[in-house]
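Participant: Please find one structure pasted underneath; my questions will follow.
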Amino acid sequence: MVTMIKHIRVKSALSKSGLKELDYSLNPYMGCKFKCQYCYAPNFTRDVDASKNWGEVIVIKDNILDILKEEVLAKKKGTVGISTITDPYQPVEAEYKLTRGSLDILLSHGFRVSIQTKSPLVLRDIDILKKFKEKVDVGFTITSMEGKLENAPLPRSRITALEKLSEEGIETWVFLGPIIPNFTDNVEEVIREVSKIKTRIVFDKFRYYKGLNFSEGNSVWWENIRDRILSLCKKYNVECHEESEDWIFEKRRKYKILW
Ligand code: SF4
């Protein structure tokens, strides 16, 4: 289906983040072409067209870079998550370059940036990432090696991109999730592939949001999966944490030293 592009002007670029590990979030786009079947973001998307036609309508925040240039001078420095609601390197980014522009502005003004994506398009910006490597980390979501339930670039291409970033000395991580009973709970292949790269895994289970057709696993199921992931990580010698663990706070402490 043809993507419909909408253009809007915004009054702010950085939002206060509700995530413990981030101070701000920045989303250059609304809507996401990758259209994962487990995506909860439509519930948090203000644009009704993008929310109701997830993956078919993408909203471009035309003036976000101008606003961001003002905000980086006025706001307290901190860690910015790019993006928290849509993928910052979905196909429109190749043309509009709002993620690239945001990275450049934030990093050159002393902010830290944590990127999360499913796209190797992030490699296009490796020049900026290398220049500011002490203030950047890049995470790739890999839910399964088959890329089940997603229209995103193949997981194999994400592994290749991770490898390249890691070789350049850029901090990377893998988000293994959301883990959905009977769909994405075959975790060994992901852990085995990730073990070949110098990176770490953060994992989490699926959480139900309105409009999704999957159910959350019960606590016994999750305890079994968690134990399995931890023992596989041990077997393959990969650093591995459940998302809610205290390492996030350690990370914050570590990076505050750099501010
Ligand atoms: S890449 Fe992320 S934001 Fe985009 S559809 Fe998938 S889960 Fe949603």
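The values are calculated or read from the model by the stated rules, or taken from the named source; none is laboratory data. What you are looking at is a predicted structure, and each value in this text was computed from that prediction instead of being measured. Methodologically, a virtual Cβ is constructed for each residue, glycine included, from the backbone with ideal geometry; neighbour enumeration extends over all protein chains shown. Remember, those area values only see protein heavy atoms, side chains included, never the ligands or the DNA or RNA. Shrake-Rupley method; radii C 1.70, N 1.55, O 1.52, S 1.80 Å.
Participant: Obtain the nm distance between the two label points defined at ASN213 and ARG124 by a simple spin-label model: each point lies 7 Å from its Cα along the Cα-to-C-beta direction.
Facilitator: 3.3 nm
Participant: What nm distance separates the two modelled labels at ALA94 and VAL10, each placed 7 Å from Cα along Cα→Cβ?
Facilitator: Rounded to a tenth, the inter-label distance reads 2.3 nm.
Participant: Ordering GLU189, GLU71, GLU167 by how much accessible area each has at a 1.4 Å probe, largest first, what is the list? Could you put the intermediate results ahead of the total?
Facilitator: Working: GLU189 60, GLU71 25, GLU167 140 Å².
Largest accessible area first, the residues go GLU167, GLU189, GLU71.
Participant: Additional query: Please report the antiparallel percentage of DSSP beta bridges with both residues in the stretch 4-256, rounded to the nearest 5.
Facilitator: 10 percent
Participant: State in Å² the accessible area per residue of the chain; use a 1.4 Å probe, count heavy atoms of protein chains only, and round to the nearest integer.
Facilitator: Numbers: 12510 Å² over 259 residues.
Here the per-residue accessible area is 48 Å².
Participant: Tell me, which cysteines of the chain are without a disulfide-compatible partner by the Cβ under 4.7 Å rule?
Facilitator: Singleton cysteines: CYS32.
Participant: With all protein chains present, calculate the accessible area of SER12 using a 1.4 Å probe and round the result to the nearest 10 Å².
Facilitator: Its accessible surface works out to 60 Å², give or take rounding.
Participant: From the phi of every residue in the stretch 117-125, what ³J(HN,Hα) in whole Hz does the Karplus formula 6.51 cos²θ - 1.76 cosθ + 1.60 yield, where θ is phi - 60° and glycine or proline is x?
Facilitator: 8, 10, 10, x, 4, 4, 5, 4, 9
Participant: Can you send over the solvent-accessible area of TYR209, 1.4 Å probe, protein chains only, in Å² to the nearest 10?
Facilitator: 80 Å²
Participant: Can I ask one more? Can you give the accessible area of CYS39, probe radius 1.4 Å, in Å² rounded to 10?
Facilitator: Here the residue's solvent-accessible area equals roughly 30 Å².
Participant: So, one more: Grab the Cα-Cα distance for GLU21 and LYS164, subtract it from 0.36 nm times how many residues apart they are, and report the gain in nm with one decimal.
Facilitator: Values: separation 143, 0.36 × 143 = 51.48 nm, distance 2.49 nm.
Here the segment from GLU21 to LYS164 would lengthen by 49.0 nm.
Participant: Find the eigenvalues of the gyration tensor of the Cα atoms of the stretch 4-256, then list the square roots of 5 times those eigenvalues as equivalent ellipsoid semi-axes, largest first, in whole angstrom. Show your work: numbers first, answer last.
Facilitator: On the way: eigenvalues 157, 98, 56 Å².
With the √(5λ) rule applied to the stretch 4-256, the semi-axes are 28, 22, 17 Å.
Participant: Now for a separate question. In terms of solvent-accessible area of protein heavy atoms at a 1.4 angstrom probe, what is the ranking of VAL48, VAL59, highest value first?
Facilitator: Of VAL48, VAL59, the descending order of accessible area is VAL48, VAL59.
Participant: Now a separate question. On the accessible surface of the chain, probed at 1.4 Å, how many percent belong to carbon and sulfur atoms?
Facilitator: Numbers: 6360 of 12510 Å².
Looking at the chain in its full context, I get 51 percent from C and S.
Participant: Only helical DSSP H runs with n ≥ 4 go in: add -39500 (n - 2.57) per run for the chain, normalise by residue count and round the 222 nm mean residue ellipticity to 500 deg cm²/dmol.
Facilitator: It lands at -9500 deg cm²/dmol.
Participant: Output wanted: per-residue J couplings in Hz (rounded whole) for the stretch 58-64, from phi through Karplus 6.51 cos²θ - 1.76 cosθ + 1.60, θ = phi - 60°, x for Gly and Pro.
Facilitator: 10, 9, 9, 8, 3, 9, 4
Participant: Let me ask something else. Residue separation times 0.36 nm, minus the C-alpha to C-alpha distance between GLU223 and LEU154: what's the value? Provide the component values of the computation, followed by the final result.
Facilitator: Details: separation 69, 0.36 × 69 = 24.84 nm, distance 2.88 nm.
Gain on extension, GLU223 to LEU154, equals 22.0 nm.
Participant: For PHE44 and ALA74, compute 0.36 nm times the residue count separating them, minus their Cα-Cα distance, and round to one decimal in nm.
Facilitator: 8.2 nm
Participant: Treat each spin label as a single point 7 Å out from the Cα along the C-beta direction, and report the ASP66 to GLU243 distance in nm.
Facilitator: Output for this residue pair reads 3.6 nm.
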